[in-house]
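Trainee: Have a look at the structure that comes next, please.
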Amino acid sequence: MTKKTERILQGLREAYPDVRCELNFETPLQLLTATVLSAQTTDRQVNKVTEVLFRDCPGLEALLALSEEEIAQYIHTLGFYNTKARNLFRLFRQLADQFGGEVPRTMEELTTLPGVGRKTANVVMSNAFGIPAIAVDTHVFRVSNRIGLANATTVEETEKQLQKAIRKDLWSLSHHLLIFHGRRCCSARGPKCEECGISQDCRQRQDEMTGRGEER
C-alpha cells in the first residue's frame, strides 16, 4: 500500500471516527434483506421500512409466511418496491430450499439469490460475517476514482483496483470510509473541496489546481 493511500485512509479515519454500516440489522438475514432493499434508495428510508418489517417478521419462518403482496405492502414507500418484493419473496424460499435457511457466505452462492449482485454480496460478507470485501456502490465508485485510489470506468474494475491498492485487512473499513466521504463531503455535485481533509492527495483536486482538469 502506497504512502499516499495510507494518508488518504488515515485522513478519512480522522474525519469519520463514527464510521459504520448505516443499515440497521441484528442478523445476517436482516442485513441481506435490508441491502436488497437499499438499491437506489437511501439507508434512512430502508431503516424506516425494516424497523416495522423486522419487528413483525424477525426471522426466516415469519418472512416465508408473507405473500409477495404483503411484502410489497411493508416496503411500498421504497423505489421499485414491486420488483424488490418479488425478489425477496423468491430469495426467502431459495434460502429455505437450497441453503437450509442460512445466509450463504460466499460470493458465488450469494449471487445466485434474486436481487443480489456483487455489491450486495460484498456488503453481507463484510458486515455480517467479517469477511474482507469492498462493496462498490455509487459513492465508492465516484470517490475512489475521483481522488485517485482507482482509475476505472466500471464498478467491477474499480473493485479489483481497490483490492490491489488497499491492504486486505482494511478493505471493509475503506468501503465505509469512502461511503461516508461521498455522502458528507465528496458529493456528485458540488463537492466540498475546501472542507476536505484529503484534498492535498485528491487527484481531481490537484488536476484542477494545476489546470490539468480541463485536459482530462
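The values are calculated or read from the model by the stated rules, or taken from the named source; none is laboratory data. Fair warning: this is a prediction, and the values are worked out from it, not measured in the lab. Here Cβ is always computed from backbone atoms with ideal geometry, including for glycine, and neighbour counts include all displayed protein chains.
Trainee: Just to be sure I understand, how many residues within the stretch 96-110 are assigned to a helix (DSSP H, G or I) and either of a type in the set (S, T, N, Q) or buried (at least 22 other Cβ atoms within 10 Å of the Cβ) (or both)? Outline the logic, then answer.
Mentor: Our first condition is that a residue be assigned to a helix (DSSP H, G or I); within the stretch 96-110, this holds for 96-98, 107-110.
Now drop any that are not either of a type in the set (S, T, N, Q) or buried (at least 22 other Cβ atoms within 10 Å of the Cβ) (or both), which leaves 98.
Residues flagged as assigned to a helix (DSSP H, G or I) and either of a type in the set (S, T, N, Q) or buried (at least 22 other Cβ atoms within 10 Å of the Cβ) (or both) within the stretch 96-110 amount to 1.
Trainee: Keeping to the stretch 167-188, report how many residues are assigned to a loop (DSSP other than H, G, I, E, B) and under 24 Å from residue 23 (Cα atoms).
Mentor: Residues of the stretch 167-188 that are assigned to a loop (DSSP other than H, G, I, E, B), as a first pass: 167, 185-188.
After this cut, where a residue has to be under 24 Å from residue 23 (Cα atoms) as well, the list is 185-188.
The total comes to 4.
Trainee: Restricting to the stretch 111-134, name every residue that is crowded, with 24+ Cβ neighbours inside 10 Å and either modelled with pLDDT under 95 or more than 23 Å from residue 85 (Cα to Cα) (or both).
Mentor: The first filter runs over the stretch 111-134 and keeps only residues crowded, with 24+ Cβ neighbours inside 10 Å, leaving 113, 121-124, 134.
Passing the criteria: only 134.
Trainee: Now for a separate question. What residue, of 13, 90, is in the same structural domain as residue 167 (by TED's automatic domain parsing) and surrounded by fewer than 20 Cβ atoms within 10 Å (Cβ to Cβ)?
Mentor: Numbers: 90 fails: in the same structural domain as residue 167 (by TED's automatic domain parsing).
The unique qualifying residue is 13.
Trainee: Using the structure shown, decide if residue 115 is part of a loop (DSSP other than H, G, I, E, B) and touching a residue at least 40 places away in the same chain (Cβ under 8 Å).
Mentor: Yes; evaluated as a whole, the condition is true for this residue.
Trainee: Could I ask something else about it? Which members of the stretch 125-171 meet the condition of being among the charged types (D, E, K, R) and closer than 13 Å to residue 1 by Cβ? Walk me through it before giving the result.
Mentor: Of all residues in the stretch 125-171, those among the charged types (D, E, K, R) come to 137, 142, 146, 156-157, 159-160, 164, 167-169.
Once the filter is applied, which keeps residues that are among the charged types (D, E, K, R) and closer than 13 Å to residue 1 by Cβ, the stretch 125-171 yields 164, 167, 168, 169.
Trainee: So, one more: Can you list residue pairs whose Cβ atoms sit under 6 Å apart, with the first residue in the stretch 158-169 being among the small types (Gly, Ala, Ser) and the second being at pLDDT 95 or above? Count only pairs 6 or more apart in sequence or on different chains.
Mentor: Short answer, once both residue conditions are applied: 165/5; 165/149.
Trainee: Filtering the stretch 34-62 down to residues that are among the small types (Gly, Ala, Ser) and not in a loop (DSSP other than H, G, I, E, B), which residue is nearest to residue 122 (Cα to Cα)?
Mentor: Filtering the stretch 34-62 down to residues among the small types (Gly, Ala, Ser) leaves 34, 38-39, 59, 62.
Restricting the remaining residues to those that are not in a loop (DSSP other than H, G, I, E, B) gives 34, 62.
Working: 34: 13, 62: 26 Å.
Result: 34.
Trainee: Return a yes/no flag: does the stretch 153-164 have any residue that is part of a loop (DSSP other than H, G, I, E, B) and within 19 Å of residue 10 (Cα to Cα). Give the derivation first.
Mentor: Keep residues of the stretch 153-164 that are part of a loop (DSSP other than H, G, I, E, B), which gives 153-154.
Next, only the ones that are within 19 Å of residue 10 (Cα to Cα) stay: none.
Looking for residues that are part of a loop (DSSP other than H, G, I, E, B) and within 19 Å of residue 10 (Cα to Cα), one finds none in the stretch 153-164, hence no.
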